[in-house]
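Here is the structure we will look at, set down as structure tokens.
The values are calculated or read from the model by the stated rules, or taken from the named source; none is laboratory data. Since this is a predicted model, take the numbers as computed values, not measurements. Cβ sites come from the backbone with ideal geometry, for glycine too, and all protein chains shown count toward neighbours. In case anyone asks, the SASA skips ligands and DNA or RNA and just uses the protein heavy atoms, side chains included. Shrake-Rupley method; radii C 1.70, N 1.55, O 1.52, S 1.80 Å.
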Amino acid sequence: MEASERTGKKFSTVYRGLDEKEVRDHLRKIQAEIDERDKRIAQLEEMLDEREENISSFRSVETSINEAILTAQRAGDDMKEAARERANEIIAAAESERERIMDEAMSRARHIGSQTEDMKRQSKVFRARFKMLVQAQLDLLESDDWDYLLDYDLDNEDRARDIVGDEENNDG
């Protein structure tokens, strides 16, 4: 029923019936209340539609955020895995380098040990030869040849003085 039908309705008059003006005033009041309620219902429906749109928008945002979170988690997991793999590569390279350095150090140590043993042998040979040389020099110093040489030099000095003295006497 529309508003004009509510307020424009004609009543039949009856003996001792209702006052038509009062009925119409009453119906106008009822119509005003109904109009007010219809307006309020329309406003509430509009607000409800807006809120549903907001909820839909929020759900869309929530879905986007959840997807972004999942993407970030996957990216974080991928980065962790990549970092883990890189760390394993670095560890493997370090272990390989350590092995190479250890092998090189062991080789050098063996070489130095070999050189040390060779130097010890050479030192023993040198010491034995030096000892023999010193012993030979001591034997030479202790021999009678030195006495002969020392006496020979003194005899030569005496002879030289005698010769020089003879010549001075002959010249004089």
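Residues of the range 104-139 that are among the charged types (D, E, K, R) and open to solvent by 100 Å² or more (accessible area, probe 1.4 Å): 108, 110, 120, 121, 124, 127, 129, 131.
Regarding the range 35-43, can at least one residue be identified that is closer than 30 Å to residue 10 by Cα, in contact (Cβ under 8 Å) with a residue 24 or more places away in the chain and among the hydrophobic types (A, V, I, L, M, F, W, C)? Steps first, answer last, please.
Start the filter on the range 35-43 by keeping residues that are closer than 30 Å to residue 10 by Cα, which leaves 35-42.
Filter once more, so that each one left must be in contact (Cβ under 8 Å) with a residue 24 or more places away in the chain: 35.
So of that shortlist, the ones also among the hydrophobic types (A, V, I, L, M, F, W, C) come out as none.
No, the range 35-43 contains no residue that is closer than 30 Å to residue 10 by Cα, in contact (Cβ under 8 Å) with a residue 24 or more places away in the chain and among the hydrophobic types (A, V, I, L, M, F, W, C).
Inside the range 68-103, can you point out the residues that are open to solvent by less than 90 Å² (accessible area, probe 1.4 Å) and of a type in the set (S, T, N, Q)? If the condition is that a residue be open to solvent by less than 90 Å² (accessible area, probe 1.4 Å) and of a type in the set (S, T, N, Q), then 71, 96 are the ones that fit.
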